[in-house]
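S.K.: Quick one: the structure is below, questions incoming.
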Amino acid sequence: MKYPFYKPLIWLAALFLAVSLACGAPTPAPTEAPPPAQPAQPVETEPVQPAASGAVSTLQDVKGAVIQIEAQGAFVDPEIGEYVGAGRGSGFIIDPSGLAVTNNHVVTGAALLKVWIGGDTSKTYNAVVLGVSECSDLAVIDIDGEGFPYLEWYASPVTVGLEVYLAGFPLGETEYSLTKGIVSKESASGETDWSSIESVIVHDATGNPGNSGGPLITTDGKVVGVHYRSRPNANQYFAIGRDAAVPILDELKTGKDVDSIGVNGVAVMSEDGSISGIWVSSVEAGSPADKTGITGGDVLLSLGDHPLATDGTMSDYCDIIRTHQPADTVDVEVLRFDTSEVLAGQLNGETLAQAYTFGETDTSTGDVAGDTTGGTAEEPPAFYLEEFEADELANWHWFTTSGDENLFNIHTEAGKLIFDLEGVDLYTYLVYDPWIYERVVIETSAENRGKNTNNVGLICHAGDYGWYEFSISNGGEWWIWAYDATTDQYDMLASGGSTAVRMGKDINQYAAVCDSNTLSLYINGVHTHTLTEKSYVFREGQVGIGVSSFNVLPIILEFDWINIYEP
């Protein structure tokens, strides 16, 4: 299968970095828990009963304020698909009224929360989520009841060498655990594939899946930070420090979400880096994401026309959220994993609607699903695939707008279309004649066989007055133009750079979506830019491809196929 970009995404299963390593995102609960890893310097403590009320002041009494949380609901995992199950994490009470802290990835999207306090499984408490921060991986929940023992924050500076203990319920077990270590680094980067925190504390008190949200405490039971990540191979464990956590938790306690759109997600990327986004495991009911139509199993490709997770982290995603107010309208594009549909909509605006779906090949016949070639002039075919198997380019015509056309050769060879340019500043085009489209997707696969300086173009709505053109440089730059045939001038509508371009002698796949005067560009499956053009407003026309040269020759581009279809 030569296409599409969004064929069944097996890469997600292979490359998904399970948040369970980060400490127990909702995953199917094991029927028999594996034996826990041996903790570093285990601490023997006598079983204690939770105090009636009051702030904890000793290490032994911490247990009474530490909770285990079971999040039940429907989740979607890249490896096993959709399931209804439960995952467990930890947390700790910060107020006698039952306010407790945990991680966003422990609770967001759950239909039901169950809480056990201090390892006492004889009584189960219900709890509600008051507020979450996706980017800081924090959440505040309210446990039914009052008069609970609670933890206070450590007031002194956190320094390297400070003796600390990690409390919680690792591996989904109901037995309380306490491990000992020291602070090994006061400040480290908190960028991960499920959060984006400016600075976190590194320590060596052993944590395992299920410790997520548990407190990192001092010898007198004061909270240094909130555990959220483990790197056991390097004996490194990470906590969101007091200074970073408290201001956010103060807002979450009021029922306000911070830096959130309502998803429990993780950054994913294809093996070759050409497709990236935020995999959505679950969605908070009533959140902006939920109201837009985002659901578990979706991949968020872009926010505000900016591609996401291109570096494998949540950094860009969170930076975009942090530069907008919660009620702002923000464009969002989603890959619906189940159907390979690309959907577009807006947070706090228009709900998701299908933008287009890339075609798929029937492996039993070699036919393209939806291929209805041979339609009438009045109704263009819904799908047309050109594989250049014929010696002549029937139904196509070529032309130039700049340069010496005698220094340009176009031909087919072994099922490939070859553009061979020997002249500088030469702008060449090949246009498909039979049909005129108002709404169309044109995509192609182009291999560079010449020098590493060329532009590949996709054009739409071509007619007597001009066309729209999407131009991508082999050096990583892109432009969207309006060509005015009446003045023979190119008017640049937008431009930028893309790390999705594969430079050098490599193959790139480009796609342009022209929905009347709304124009979208995709490079190797990554959404690059969308705009609505209101000056020229070329509403319909023919489609085609182009190649242009600068001053480094030769320019040789080989096209494997061209796909034309309605979005």
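The values are calculated or read from the model by the stated rules, or taken from the named source; none is laboratory data. This structure is a prediction, so every number in the text was calculated from the model and none was measured. Cβ coordinates were reconstructed from backbone atoms using ideal geometry, including for glycine residues, and neighbour counts include every protein chain displayed.
S.K.: Condition (residue is of a type outside the set (Phe, Trp, Tyr), crowded, with 19+ Cβ neighbours inside 10 Å and assigned to a loop (DSSP other than H, G, I, E, B)) applied to the stretch 219-227: is it met by at least one residue?
M.R.: Yes - at least one qualifying residue is present in the stretch 219-227.
S.K.: What about residue 558, is it among the acidic types (Asp, Glu), touching a residue at least 40 places away in the same chain (Cβ under 8 Å) and surrounded by 19 or more Cβ atoms within 10 Å (Cβ to Cβ)? Talk me through it step by step, then tell me what you get.
M.R.: Working: among the acidic types (Asp, Glu): yes; touching a residue at least 40 places away in the same chain (Cβ under 8 Å): yes; surrounded by 19 or more Cβ atoms within 10 Å (Cβ to Cβ): yes.
Yes.
So that you can scan it fast, the table gives a plain yes or no per residue for (1) in contact with a His (Cβ under 9 Å, 6 or more places away or on another chain); (2) surrounded by fewer than 21 Cβ atoms within 10 Å (Cβ to Cβ); (3) in contact (Cβ under 8 Å) with a residue 24 or more places away in the chain:
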{"site": "263", "(1), (2), (3)": "no, no, yes"}
{"site": "266", "(1), (2), (3)": "yes, no, yes"}
{"site": "281", "(1), (2), (3)": "yes, no, yes"}
{"site": "287", "(1), (2), (3)": "no, yes, yes"}
{"site": "290", "(1), (2), (3)": "no, yes, yes"}
{"site": "302", "(1), (2), (3)": "yes, no, yes"}
{"site": "322", "(1), (2), (3)": "no, yes, yes"}
{"site": "343", "(1), (2), (3)": "no, no, yes"}
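S.K.: Next question. Looking only at the stretch 233-250, decide whether some residue is in contact with a helix residue (DSSP H, G or I) (Cβ under 7 Å, 6 or more places away or on another chain) and either in contact (Cβ under 8 Å) with a residue 40 or more places away in the chain or among the hydroxyl-bearing types (Ser, Thr, Tyr) (or both). Before the answer, list the steps.
M.R.: Looking only at the stretch 233-250, we keep the residues that are in contact with a helix residue (DSSP H, G or I) (Cβ under 7 Å, 6 or more places away or on another chain), and these are none.
No, every residue in the stretch 233-250 fails to be in contact with a helix residue (DSSP H, G or I) (Cβ under 7 Å, 6 or more places away or on another chain) and either in contact (Cβ under 8 Å) with a residue 40 or more places away in the chain or among the hydroxyl-bearing types (Ser, Thr, Tyr) (or both).
S.K.: Which residues, counting only those in the stretch 522-538, are among the aromatic types (Phe, Trp, Tyr) and either assigned to a loop (DSSP other than H, G, I, E, B) or touching a Pro at 6+ places or on another chain (Cβ under 6 Å) (or both)?
M.R.: Of the stretch 522-538, the ones among the aromatic types (Phe, Trp, Tyr) are 522, 536, 538.
Residues satisfying the conditions are 536, 538.
S.K.: Quick check, is residue 430 surrounded by fewer than 22 Cβ atoms within 10 Å (Cβ to Cβ), at pLDDT 90 or above and over 27 Å from residue 395 (Cβ atoms)? Spell out how you get there, then give the answer.
M.R.: Values: surrounded by fewer than 22 Cβ atoms within 10 Å (Cβ to Cβ): yes; at pLDDT 90 or above: yes; over 27 Å from residue 395 (Cβ atoms): no.
No, not satisfied.
S.K.: Now for a different question. Within the stretch 487-508, restricting attention to residues that are over 28 Å from the mean Cα position of the chain (by Cα) and surrounded by fewer than 13 Cβ atoms within 10 Å (Cβ to Cβ), which residue is farthest from residue 459 (Cα to Cα)?
M.R.: The qualifying residue farthest from residue 459 (Cα to Cα) is 487.
S.K.: Here are 476, 525: which of them is modelled with pLDDT under 95, out of contact with any His (no Cβ under 9 Å at 6 or more places or on another chain) and surrounded by fewer than 16 Cβ atoms within 10 Å (Cβ to Cβ)? Show your work before the answer.
M.R.: Numbers: 525 fails: surrounded by fewer than 16 Cβ atoms within 10 Å (Cβ to Cβ).
The unique qualifying residue is 476.
S.K.: List the strands (runs of 3 or more DSSP E) that sit entirely inside the stretch 80-191 and contain at least 2 residues that are within 30 Å of residue 289 (Cα to Cα).
M.R.: Working: elements: 81-93, 99-102, 112-117, 120-133, 138-143, 163-168, 177-191.
Passing ranges, in order: 81-93, 99-102, 112-117, 120-133, 138-143, 177-191.
S.K.: Which one is surrounded by the fewest Cβ atoms within 10 Å (Cβ to Cβ) among residues in the stretch 76-95 that are modelled with pLDDT of 95 or more and more than 22 Å from residue 230 (Cβ to Cβ)?
M.R.: 95
S.K.: Could I ask something else about it? Output yes when any residue across the stretch 365-373 is closer than 19 Å to residue 544 by Cβ, modelled with pLDDT under 85 and buried (at least 18 other Cβ atoms within 10 Å of the Cβ), and no when none is.
M.R.: Applying the first criterion (closer than 19 Å to residue 544 by Cβ) to the stretch 365-373 yields 373.
With modelled with pLDDT under 85 added as a condition, the list becomes 373.
From what's left, buried (at least 18 other Cβ atoms within 10 Å of the Cβ): none.
No - not one qualifying residue is present in the stretch 365-373.
S.K.: If you don't mind, another one. If residue 214 passes every condition in (1) modelled with pLDDT under 95; (2) touching a strand residue (DSSP E or B) at 6+ places or on another chain (Cβ under 8 Å); (3) small (Gly, Ala, Ser) but one, which one does it miss?
M.R.: The single condition residue 214 does not satisfy is (1).
S.K.: May I ask you to list the residues in the stretch 440-464 that are closer than 20 Å to residue 483 by Cβ and surrounded by fewer than 19 Cβ atoms within 10 Å (Cβ to Cβ)?
M.R.: 463, 464
S.K.: Residue by residue through the stretch 228-243, note down the ones that are in contact with an Asp or Glu (Cβ under 8 Å, 6 or more places away or on another chain) and surrounded by fewer than 21 Cβ atoms within 10 Å (Cβ to Cβ).
M.R.: 235, 236
S.K.: Of all residues in the stretch 267-308, which are of a type in the set (S, T, N, Q), under 9 Å from the mean Cα position of the chain (by Cα) and at pLDDT 90 or above? Can you show your working first?
M.R.: Of all residues in the stretch 267-308, those of a type in the set (S, T, N, Q) come to 270, 274, 276, 281-282, 287, 292, 295, 302.
Adding the requirement that they be under 9 Å from the mean Cα position of the chain (by Cα) leaves 276, 302.
Correct list: 302 only.
Yes or no, residue by residue, for (1) among the hydrophobic types (A, V, I, L, M, F, W, C); (2) farther than 24 Å from residue 513 by Cβ:
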| site | (1), (2) |
| --- | --- |
| 400 | no, yes |
| 410 | yes, yes |
| 416 | no, yes |
| 442 | yes, no |
| 458 | yes, no |
| 467 | yes, no |
| 472 | yes, no |
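S.K.: Hey, can you tell me all the residues within the stretch 195-218 that are in contact with a His (Cβ under 6 Å, 6 or more places away or on another chain) and assigned to a loop (DSSP other than H, G, I, E, B)? So that I can check it myself, show each step before the final result.
M.R.: Step one: of the stretch 195-218, the residues in contact with a His (Cβ under 6 Å, 6 or more places away or on another chain) are 207, 211, 214, 216.
If the condition is that a residue be in contact with a His (Cβ under 6 Å, 6 or more places away or on another chain) and assigned to a loop (DSSP other than H, G, I, E, B), then 207, 211, 214 are the ones that fit.
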